[in-house]
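The values are calculated or read from the model by the stated rules, or taken from the named source; none is laboratory data. Here the structure is a predicted model, which means the values were calculated and not measured. Ideal geometry is used to build each Cβ from the backbone, glycine not excepted, and the neighbour counts take in all protein chains shown.
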Amino acid sequence: MTDLWTPLGDEVLDLRAGDLVTLSGTVYTARDEAHLWMVRKGIPFNPEGAAVYHCGPIVHRGHIIAAGPTTSARMNAFTPFLIDRGIRALIGKGGMDDNIRLKLLNRGVYLAFTGGCAALAASKMTLTGVIWEDLGMAEAIWVIDVDHLPLVVGIDAHGNDLFAIVQQAARRAYEAQE
Amino acid sequence: MHDPRNPQFLLAVAQATIRALREAEINLPNDVTEALETARNRETNPVARRELTNICENIALARKMGIPICQDTGVPVCYLTLPPTVPYTDALIQAITDGVRIATTTIPLRPNVVDPCSRKNSGTNTGHLMPYIHVKPGDHFSITVLPKGAGAENVSRIGMLLPSDRDAIGRFVVETVLIAGGRPCPPVILGVGIGSTFDGVAALAKEALLDSIDHMDSFEQNLCDRINLLKIGPMGLGGDTTALAVKVKKADCHTASLPVAVNVQCWASRRATVGIGVP
């Protein structure tokens, strides 16, 4: 088990797909709309070593109530831009496409958080700020302090994608049942 | 026959709807929680064990804090059991709709219901033919809710299969899980409808998700074992548990047809039933 802290550096390059890690420090939530704005207006926080969380939380009176991951694949098209600007970790569920796997080579990692675990995520989070609140609760960029968020390395910086490996093996197992 | 427009009665129906939704969204049924704990204890893959540990911890936290298990609080699917003394009326449907609207702000639920073409959100989780209500006759008046999230619903499938193909059903069910991969938030539960008609088989598949997963017959167990051989695992990250259970419901069908529907349910298999007194 590896404990990671933001800002992230070259230590993420040593991780391997399937490694169990925890992440502490600052994460920035971003979904479809925030990605569009970042491409158009620039990244409104220091992207160097930052972690972006694919999540649209429920926020109530300054507190995170529920903050499970959303499907990362929707952000495929906008993510290369973030990696080019120095973002080191993407957090979400379901993995990303082959283009992102190649983009992360020697640069960063994709970390999977368990789908549906909105209460667990919220229990490890403290809200510290918000950017572009006019995008609405689900789409704004929430700045969140996380304390040992339990994650799995889904795509590493060596070109390994655990989702793709598992899916290929599942295909072979299905064909063996024919 | 009591007066179906009695305001006290309609209020009780709305309140029962709210209670059922609150129970379903916050407390995962014991059979599902136990199946997830068993899967976690048996799991040999460390990544899958981590995922299942997170899930079990999340279930306990939601219960303790009184908050929804998942931020996708689903769309409201309702099953009414009506005794002979309670007629199915527009007023009854309205009372259930009122319950859903109130529950959306008081639990709270994420407003998920939109117009299918304009995509405009009603903000209340209600709309045209939503909540979706199924009705069956019975001895006692009760409402069961099955809030259904989108991730698993979106990978559900219907097939009109070849009646002479002896493994058509098994292959279709296993293939559905293969195509879905990690998208429906596995470990999943499958509701499988076999027979009936094109429309009827989908309703059977969803109704199968109301059954307790404590027990599977040999046909269901065999399907479940075949799915778990795929090793897709929790969240598609690999592991021994891809499906917690398969539940099947059948109806007779045309001699030239074999309708099969697979309604995929994420691990957060939320359902709750509340009885309603009839004045």
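The table below gives the values:
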quantity	calculated
Region B:25-44 - residue that is in a helix (DSSP H, G or I), among the aliphatic types (A, V, I, L, M) and within 14 Å of chain A (Cβ to nearest Cβ) and, of those, farthest from A:Gly18 (Cα to Cα)	B:Ile26
Selected residue (criterion: modelled with the lowest pLDDT) from residues of region A:154-178 that are facing chain B (nearest Cβ under 9 Å) and outside any helix (DSSP H, G or I)	A:Glu178
Any pair with Cβ under 8 angstrom, 6 or more apart, that starts in region B:131-151 at a residue that is outside any loop (DSSP other than H, G, I, E, B) and ends at one that is exposed (fewer than 14 other Cβ atoms within 10 Å of the Cβ)	B:Val135/B:Tyr88; B:Pro137/B:Pro83; B:Pro137/B:Pro84; B:Ser142/B:Gly275
Residue check for A:Leu111: aliphatic (A, V, I, L, M), in contact with a strand residue (DSSP E or B) (Cβ under 6 Å, 6 or more places away or on another chain) and either away from chain B (no Cβ under 11 Å) or part of a helix (DSSP H, G or I) (or both)	yes
Filtered residue count, region A:34-63, keeping only those that are within 14 Å of another protein chain (Cβ to nearest Cβ) and either surrounded by fewer than 23 Cβ atoms within 10 Å (Cβ to Cβ) or part of a helix (DSSP H, G or I) (or both)	5
Residue in region A:24-32 that is more than 23 Å from A:Thr2 (Cβ to Cβ), aliphatic (A, V, I, L, M) and outside any strand (DSSP E or B) present	yes
Top-ranked residue of region B:45-73 - restricted to ones that are within 7 Å of chain A (Cβ to nearest Cβ) and of a type in the set (D, E, K, R), ranked as surrounded by the most Cβ atoms within 10 Å (Cβ to Cβ)	B:Glu51
Lone qualifier among B:Ala20, B:Ala12 - being more than 14 Å from every other protein chain (Cβ to nearest Cβ), within 27 Å of B:Gln94 (Cα to Cα) and either under 16 Å from the mean Cα position of the chain (by Cα) or buried (at least 21 other Cβ atoms within 10 Å of the Cβ) (or both)	B:Ala20
Evaluation of A:Leu120 against (1) out of contact with any helix residue (DSSP H, G or I) (no Cβ under 6 Å at 6 or more places or on another chain); (2) closer than 29 Å to B:Leu178 by Cβ; (3) aliphatic (A, V, I, L, M); (4) facing chain B (nearest Cβ under 8 Å) (one fails), failing number	(1)
Residues of region B:103-130 that turn out to be more than 13 Å from chain A (Cβ to nearest Cβ), of a type in the set (Gly, Ala, Ser) and in a loop (DSSP other than H, G, I, E, B), as a count	2
One residue from B:Pro279, B:Pro234 being over 17 Å from the mean Cα position of the chain (by Cα) and under 27 Å from B:Ile26 (Cβ atoms)	B:Pro234
